[in-house]
Every structure is written in C-alpha cells, then in structure tokens.
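*Asks:* Below you'll find the structure I mean.
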2 protein chains.
Amino acid sequence: MFTIGRLARRTGAKVQTIRYYEEIGLLSKPPRSEGNQRLYGEQEVDRLAFIRHARELGFSLAAVRDLLSLSDSPGQSCEAADVIARCQLEAVEARIARLQSLKRELERMIEQCQGGKIADCRVIEVLSDHNQCLTENHTDAAVHS
Amino acid sequence: MFTIGRLARRTGAKVQTIRYYEEIGLLSKPPRSEGNQRLYGEQEVDRLAFIRHARELGFSLAAVRDLLSLSDSPGQSCEAADVIARCQLEAVEARIARLQSLKRELERMIEQCQGGKIADCRVIEVLSDHNQCLTENHTDAAVHS
DNA sequence: CTAACATCTATAGTTGCTGTAGATGCAAGC
DNA sequence: GCTTGCATCTACAGCAACTATAGATGTTAG
C-alpha cells in the first residue's frame, strides 16, 4: 500500500487530479492510514492509468465513466464500448478536418503577410474580410441556434 | 442603431456572449437607450465578427485581444500579427498530428472489436494495455511536471 | 391594453482540472 | 526527543470561454 504521491508518480497524474477523480466518483474512496492519508494498491494504479490513457485519447470523463462501467461487467457484449469508440473516432475525424481547413487559411494569411504595415496586413485583413463573409451569411433572416 | 439581439443575429454570436465580451473588455460599453438597452452600430458588427472569426480559427481570446490592439494601430509593422498567426499555425499543426495518431489508435481498437464479450474486447483491452505502457514509463524514478 | 417576446442584472453552472492556504502527518538527522 | 522539511489533508478559489437561469423590466403587435 502506498500514498497518493506515489500513485501520482506512477501514473503521471497530479495529486489533485486523483483527489478530483475520487470526488466525482471515478475512483472509489480508498482506505486511510492512521494519520488519515489515502492508501492505494496496484488495482488503483491500473484503474487510474486506464483513465489517463483514455483521457489522452480524447475521451470525455463521461465516456471514461461508461468505459469503466463496461469493463466492470466483462460478461456482457462489448457493443457499447464499440459505439463509444466509434463516436470518439468520428469526433476526432471531424476535428482533424476542421483543423486542416484552419491550417490552410492560416497559411494563406501568413504567406500574404510580407512584413508591411498593419494597414496592408493580410492577417488582419483576412480576419476582417471574413467578417464580410460572416455578415453576408448571418443576416437577420438567418436562424442560428 | 440596433439592440443586442440584432447584433447577435447578424454575427452569429449569442447575446450572453456579447455581454461577456463587453465584461472582459473586448467590446467597449455601448450607449444605452432610454430603457437602458444597449445600442450598437455597424462598427460593432465588424469588431464582433472579427472576434468570432478569429475564435473560429482557434485563436484564444488573449490572441484576439492582441490582434485587435494591432489592428487599432494600422501604421505599425505587422510583424506582431505575423508572429501570432505563425504561433497559431504551429499549434494547429501540432493538434492535427496528435489527433491523427489518436485516429489511428482508435481505428485499430475498433477494427479488433468483433462484437464479442467485454472480457475479450479490444477497446477496453487497448486502453488497459496502454496502462502497462504507462506504468512502465512512469516509474517512481521518473519526474513528471 | 394586454400578451408575448426581448433585454436587463446578477449569479451559478459547465468541463477538467490546477493552484492556494493553513493545518497536520511523517521520516531523517542531530 | 526534537527540529526540519517535505507530503498530505481539507476546503475553497480560479482558469477558459462561454452558457444558462431567475426575476425584473422594456418594447412591440394585435
């Protein structure tokens, strides 16, 4: 059995993050030492590392919670886990596509910025130009959520 | 002169977001009507659309603030704007690279999940397997910020 | 004139943590 | 046995960048 600091060092999570996960119920309340310090075992290392890895893959804490509850019932179909992973994949693909169009736009901006004065700066201008495009598209008539 | 709702509709921003931008000083306090309602003109449409477009391009509000102050002094060199844009481009490229490796990992996970039981589920397993990789890399000796 | 909607202020909530303060616990050195 | 210094404890505040709510007013169409 070891303390929270050791658990943190072994998983790469911060101490406060571990206490936060306990608070929101992702980790169960561990036994305490005589001096009221949390005591953890190997099981907690695994569970926390699982959480951290899923987080690094971009899963939300809600998704992590679902995945954990799935892995706690190993006899059932893993269809639900598959659905979560596919959802995540779709979200990642959408983010990539979006970022790539941003990248192209930024590259165009930078390319056209030749160290001149701000009055002629493409970076500022592109942002302003798209204002035009925005104001054209977002008229009073258009409905936006 | 028009009210906040019209400004919101014309720029695609939410009413609360506009008030929030005013609160944090991105938009200046507009004149009010007799009934204490905010009144805006075309200038505010431009400025807000500029902000929204920059935000959509992934610039932080701090970066937007810098870009706005730059565009307020059009006689100066646009080097600073270029630096901000280049920074943003780098960040976008890093995010794309990261997301693409996540995508590959997720695809591997899903591919190997054949609708079996959770005990054999690759989605869960991959997350757990990487736990191993995590616990190997993050030993007590390793220092993590 | 009234109903329905817009706007007002102020405040709390969201996600996923991170940082702080001030009080204890604990292990090592003298 | 005592001090020093770090680790841990609780509780709460703060971050980004909004979003949502409550309850009070303003405004406008029929």
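*Asks:* Test of understanding: express the Cα radius of gyration of the range A:1-116 as a ratio to 2.2 N^0.38 Å, with N the residue count. The partial results should precede the final answer.
*Replies:* Values: Rg = 20.3 Å, N = 116, 2.2 N^0.38 = 13.4 Å.
Against the compact-globule rule of thumb, the ratio is 1.51.
*Asks:* Just add up the charged neighbours of A:LEU99: K/R +1, D/E -1, any other residue whose Cβ is under 9 Å from the Cβ of A:LEU99. Can you show the working numbers first?
*Replies:* Values: positive: A:ARG95, A:ARG98, A:LYS103, B:ARG95; negative: B:GLU93.
Summing Lys and Arg as +1 and Asp and Glu as -1 gives +3.
*Asks:* 7 Å from Cα along Cα→Cβ at both A:ARG55 and B:GLN112: what's the point-to-point distance in nm?
*Replies:* Computed distance between label sites A:ARG55 and B:GLN112 equals 2.4 nm.
*Asks:* So, by mean Cβ neighbours within 10 angstrom, what's the order for B:34-41, B:45-52, A:78-85, B:2-9 with the highest one leading? Before the final figure, lay out each step's value.
*Replies:* On the way: B:34-41: 12.1, B:45-52: 21.6, A:78-85: 20.0, B:2-9: 17.0.
Per-residue mean Cβ counts within 10 Å order the peptides as B:45-52, A:78-85, B:2-9, B:34-41.
*Asks:* Listed here are the pairs A:LYS14/B:LYS103; A:LYS103/B:LYS103; A:LYS14/A:LYS103; which of them are more than 29 Å apart at the Cα? Let's see the in-between values first.
*Replies:* Details: A:LYS14/B:LYS103 26 Å; A:LYS103/B:LYS103 18 Å; A:LYS14/A:LYS103 33 Å.
From A:LYS14/B:LYS103; A:LYS103/B:LYS103; A:LYS14/A:LYS103, over 29 Å: A:LYS14/A:LYS103.
*Asks:* Averaged across the residues of B:20-33, what count of C-beta atoms belonging to other chains lies within 10 Å of each residue's C-beta?
*Replies:* Working: counts 0, 0, 0, 0, 0, 0, 0, 0, 0, 0, 0, 0, 0, 0.
Across B:20-33, the average partner-chain Cβ count within 10 Å equals 0.
*Asks:* Let me ask you something else. Please compute, for peptide B:57-69, the average count of beta-carbon atoms on other protein chains lying within 10 Å of each residue's beta-carbon. Write down the numbers at each step before the final one.
*Replies:* Details: counts 9, 5, 3, 0, 0, 0, 0, 1, 0, 0, 4, 2, 0.
Mean partner shielding for this stretch: 2.
*Asks:* A follow-up question, please. Can you bin the range B:4-71 into rounded, prolate or oblate? Criterion: square roots of the alpha carbon gyration tensor eigenvalues sorted a ≥ b ≥ c, rounded for a/c under 1.5, prolate for a/b above b/c, oblate for the rest. If you can, show how the numbers build up before the last one.
*Replies:* Numbers: a/c = 2.04, a/b = 1.69, b/c = 1.20.
Note, shape of the range B:4-71 comes out prolate.
*Asks:* Still on this structure, please answer the following. Mind checking A:96-109 for the average number of partner chain beta-carbons within 10 Å of each residue's beta-carbon?
*Replies:* Working: counts 8, 2, 5, 11, 4, 2, 10, 8, 1, 6, 12, 5, 0, 7.
Per-residue shielding by partner chains comes out at 6.
A short reminder: the numbers here are calculations on the coordinates, not readings from a lab. Being a predicted model, the structure only gives us computed values, none of them experimental. Every residue, glycine among them, receives a Cβ derived from its backbone with ideal geometry; neighbour counts consider all protein chains shown.
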